[in-house]
Amino acid sequence: MFQRILVANRGEIALRILRACREMGIETVAVFSEADRGADYLRMADESICIGPAQAAGSYLLIKNIISAAEIGNVQAIHPGYGFLAENEHFAEVCRSCNIEFIGPSVDAMSKLGDKVTAKEIAKAAKVPLVPGSDGLVATEAEALQIANRIGYPVLIKATAGGGGKGMRVARNDISLKTGLKQAAMEAEKAFNNAGVYIEKYVENPRHVEVQIIADLHGEVVHLWERDCSTQRRHQKLIEESPAPNLPQAVREEICKSAVRLVKSAGYTNAGTVEFIVDKDHNFYFIEVNARIQVEHPVSELVTGIDLIQQQIRVAAGEPLPWKQRNIPCNGAAIEVRINAEDPENDFRGCPGRITKLRVPGGHGVRFDSHVHEGYFIPPYYDSMIGKLIVYKPTREEAIACLKRCLDEFVLEGVKTSIPLLKKILNQAAFVEGRMDTTFVEQHLVSKT
């Protein structure tokens, strides 16, 4: 087991990793930017090192600074958390070339699954269902038109290196396809330095269902069941839950088995998430693999009783998984809401600033993962998420009731937050009945918020 780990992240996930290490008796080194200097969560680390200015490009995204901190801190491994460099295969390669273990998948697996076209080829070979579309990257406008007319409109143009909705356009006819193709390629080039795009059939009003997996270095892969992440806006998740409501058991089991087959085929190790879309007839199709721990991992932890962060560390240290698939339960219902510093009434504009008052809800089955506190200044340089409120109850109905109570009890003053929107979502009949899809928020709430 590692004796000392560097946490190459900030905020909520940094604190989550620091806590897991403390429980395992592992010393930690935390890195921070000037914007995070003096943050309370840094006190959880055995050592903390400044790696640069507030802007992420000069600190949390600067590989040489993080590696220097790792060498100064004399660590054996680096945990990247999520975001920043978590899925950067070059960073993983540099870590290992410096004899520092990267707590995540191999460079080869990251490379294969990080490119969506290659990932689709692996999925096809593993007999995982795919949305009809191009066999690879689309090179010309003429080729795009030919494919779109073969599979039928609407179609979805997607960046091969994309994420978070960037480099993605829906086209419903030849004209919008030509325009969307150029726009998606330009956006992808700017965001990912890769203009490659491909085309697939656009599934109307799909659900977004993902499967949490973890794989050890000895060939064992298991899933921790599925999460429904359909409640989102602009491809950014707002609410995640497990198990997925109204998903037939046979479909549920097959989607989880498909996720395991896919990552086994890629030689994947450590924690990851296999994402699918599900149509109105419960047909499911592979989208992509997120080669890291995800924001919403607590819901899987609660229904299975497995600490995913600790398991990531154990797997990276070479330990075998301690259970077989048949031993992993899915008990009760867990729901997570993301509380963001943003204004839903003003196009979700970020709201950095100081938290002047904070009272966090509690009670049986309530968990709040966050690094903020009363008096904390939310910087404008990073993601707007303040924290994650997660509830766990025997049934989904009880979990929703608990979540409503918690949001009513939650007091956060000084900045605008997503709490008012979350309350409206929880009171929508479609949500209560589990009839959400990825267009639910825009169709029913955003225009009215």
Residue tally, condition surrounded by fewer than 19 Cβ atoms within 10 Å (Cβ to Cβ) and either β-branched (Val, Ile, Thr) or touching a residue at least 12 places away in the same chain (Cβ under 8 Å) (or both), over region 434-444: 5
Among the residues of region 25-60, how many are touching a helix residue (DSSP H, G or I) at 6+ places or on another chain (Cβ under 9 Å) and under 24 Å from residue 97 (Cα atoms)? 16
Need a quick list: strands (runs of 3 or more DSSP E) entirely within region 248-342 having at least 2 residues that are modelled with pLDDT under 95. 284-290
What number of residues in region 422-436 are within 21 Å of the chain's Cα centre (by Cα) and modelled with pLDDT under 95? 1
Within region 110-158, tally of residues that are under 17 Å from residue 175 (Cα atoms) and acidic (Asp, Glu): 2
Being hydroxyl-bearing (Ser, Thr, Tyr) and either closer than 18 Å to residue 380 by Cα or not in a helix (DSSP H, G or I) (or both) is the filter here; which residues of region 1-43 pass it? 28, 33
When every residue in region 64-86 that is of a type in the set (S, T, N, Q) and part of a helix (DSSP H, G or I) is compared, the one farthest from residue 2 (Cα to Cα) is 65
Just checking, does region 148-163 include any residue being closer than 30 Å to residue 313 by Cα, buried (at least 17 other Cβ atoms within 10 Å of the Cβ) and in contact with a strand residue (DSSP E or B) (Cβ under 9 Å, 6 or more places away or on another chain)? yes
Given the options 355, 390, 386, name the one that is surrounded by 17 or more Cβ atoms within 10 Å (Cβ to Cβ), in contact with a Phe, Trp or Tyr (Cβ under 7 Å, 6 or more places away or on another chain) and on the phi < 0 side of the Ramachandran plot. 355
Could you say whether any residue in region 124-136 is assigned to a helix (DSSP H, G or I), touching a residue at least 60 places away in the same chain (Cβ under 8 Å) and not assigned by TED's automatic domain parsing to the domain that holds residue 192? yes
Meets criteria (part of a helix (DSSP H, G or I), at pLDDT below 95 and crowded, with 21+ Cβ neighbours inside 10 Å) for residue 188: yes
All-but-one check, residue 335 against (1) β-branched (Val, Ile, Thr); (2) in contact with a Gly (Cβ under 8 Å, 6 or more places away or on another chain); (3) surrounded by 18 or more Cβ atoms within 10 Å (Cβ to Cβ), failing number (2)
Residues that are buried (at least 17 other Cβ atoms within 10 Å of the Cβ) and of a type outside the set (A, V, I, L, M), drawn from region 221-235: 223, 225, 226, 227, 228, 229, 230, 231, 232, 233
Is it the case that some residue within region 52-73 is buried (at least 23 other Cβ atoms within 10 Å of the Cβ), free of Cβ contacts under 8 Å to residues at least 40 places away in the same chain and of a type in the set (Gly, Ala, Ser)? yes
Of all residues in region 138-169, which are of a type outside the set (A, V, I, L, M) and part of a loop (DSSP other than H, G, I, E, B)? 140, 152, 153, 154, 160, 162, 163, 164, 165, 166, 167
What do you reckon, is residue 109 over 22 Å from residue 26 (Cβ atoms), at pLDDT 95 or above and outside any loop (DSSP other than H, G, I, E, B)? yes
Answer yes or no as to whether residue 16 is under 26 Å from residue 375 (Cα atoms), out of contact with any Phe, Trp or Tyr (no Cβ under 7 Å at 6 or more places or on another chain) and in the same structural domain as residue 70 (by TED's automatic domain parsing). yes
Here is a list of conditions, (1) outside the structural domain of residue 305 (by TED's automatic domain parsing); (2) small (Gly, Ala, Ser); (3) surrounded by fewer than 19 Cβ atoms within 10 Å (Cβ to Cβ), and residue 180 meets all of them except one; can you say which number that is? (3)
Give the residue that is modelled with the lowest pLDDT, with candidates limited to residues of region 1-20 that are of a type outside the set (Gly, Ala, Ser) and more than 23 Å from residue 55 (Cβ to Cβ). 1
Could you check, for region 257-271, whether at least one of its residues is over 25 Å from residue 316 (Cα atoms), surrounded by fewer than 17 Cβ atoms within 10 Å (Cβ to Cβ) and small (Gly, Ala, Ser)? no
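The values are calculated or read from the model by the stated rules, or taken from the named source; none is laboratory data. None of the values given here were measured: they were computed from a predicted structure. We place every Cβ from the backbone using ideal geometry, glycine too, and count neighbours over all the protein chains shown.
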